[in-house]
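Worksheet: one structure, shown below.
The values are calculated or read from the model by the stated rules, or taken from the named source; none is laboratory data. Nothing here was measured: the structure is a model prediction, and the numbers come from that model. No Cβ is skipped: glycine too gets one built from the backbone with ideal geometry, and neighbour counts run over all protein chains shown. Each accessible area value is taken on the protein alone, full model and side chains, heavy atoms only, with ligands, DNA and RNA left out. Shrake-Rupley method; radii C 1.70, N 1.55, O 1.52, S 1.80 Å.
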Amino acid sequence: MITHEDRAELSDLVHRYASCADGRELDLLARLFTEDAVLAVPDPPRTMRPTHEARGRDAIIETCRTLGRTHATLHAVVGNVFDIGAASDEATGDIACIAHHLSGKPGNAVDVVWHLRYRDRYRRVDGRWLIARRVLHLGWTERRPVLALGDFHS
């Protein structure tokens, strides 16, 4: 059974992932994963299904470097459900997220919005929950005009 403490720690874990991604803190982001973790992502708009698997922390960092192609991102976790896994040190998660990707220059900027779900597996390592496998399932995307750009990271 997942305790209230486990749920709080798992919720903090998925929110920290979003914060690290948005802050481009890729070394910190990688430490949220087990050493042998897998991150599976799509290649939109070519495909909406997960097609690329990054295995291990270094590969996950390299995959997440693509966020640097944008002016800013904002990952909004809008829902999460956690369940116990096959063993007491394993859990699963279904994480609903809306991810904004800002690109372009002021006056011509766009927000590409991804409506997605992360299907996660977690493992407790040395008393701490970490992501063992994260699969990004992309439901749909939108393209929105942006009226103004600020410095989101100051």
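Can you sort Leu136, Leu102 by solvent-accessible area, 1.4 Å probe, largest first? Can you show the working numbers first?
Details: Leu136 10, Leu102 40 Å².
Descending order: Leu102, Leu136.
Residue-normalised convex hull volume from the C-alpha trace of the range 100-154: 103 Å³ per residue. Distance between the pseudo-spin-label points of Glu90 and Glu142 (7 Å out from Cα toward the beta carbon): 3.8 nm.
The C-alpha atoms of the chain define a longest principal axis, and helix 4-22 lies at about 30 degrees to it.
In this structure Trp140 has an accessible area near 150 Å², from a 1.4 Å probe over the protein heavy atoms. Can you check what the net charge comes to around Arg57, using other residues whose Cβ is under 12 Å from the Cβ of Arg57 (Lys, Arg +1; Asp, Glu -1)? Once positives and negatives cancel, what remains is -3.
With N denoting the number of residues in the chain, provide Rg(C-alpha) divided by 2.2 N^0.38 Å, to two decimal places.
Values: Rg = 15.8 Å, N = 154, 2.2 N^0.38 = 14.9 Å.
It is 1.06.
Show log10 I(q)/I(0) for the range 66-124 at q = 0.12, 0.28 Å⁻¹, two decimals, from a solvent-free Debye sum over equal Cα scatterers. Scattering profile of the range 66-124, log10 relative to I(0): -0.43, -1.04.
Neighbours of Val125 by Cβ distance under 10 Å: Lys/Arg scored +1, Asp/Glu scored -1, total 0.
So what's the net charge close to Pro42: Lys and Arg +1, Asp and Glu -1, counting the other residues with Cβ under 15 Å from its Cβ? Display every interim value, and only then the final one.
Details: positive: Arg46, Arg49, Arg117, Arg119, Arg134; negative: Asp43, Glu53.
Summing Lys and Arg as +1 and Asp and Glu as -1 gives +3.
Using a probe of 1.4 Å, the accessible surface attributed to Thr3 totals some 60 Å² when neighbouring protein chains are kept in position. A 1.4 Å probe run over the protein chains yields, for the chain, 57 Å² of accessible area per residue, whole-number rounding.
Rolling a 1.4 Å probe over the protein heavy atoms leaves Ser19 with an accessible area of roughly 70 Å².
Carbon-plus-sulfur fraction of the accessible area of the chain, 1.4 Å probe, in percent? Mind dumping the intermediate values first?
Details: 4480 of 8800 Å².
Carbon plus sulfur share of accessible area: 51 percent.
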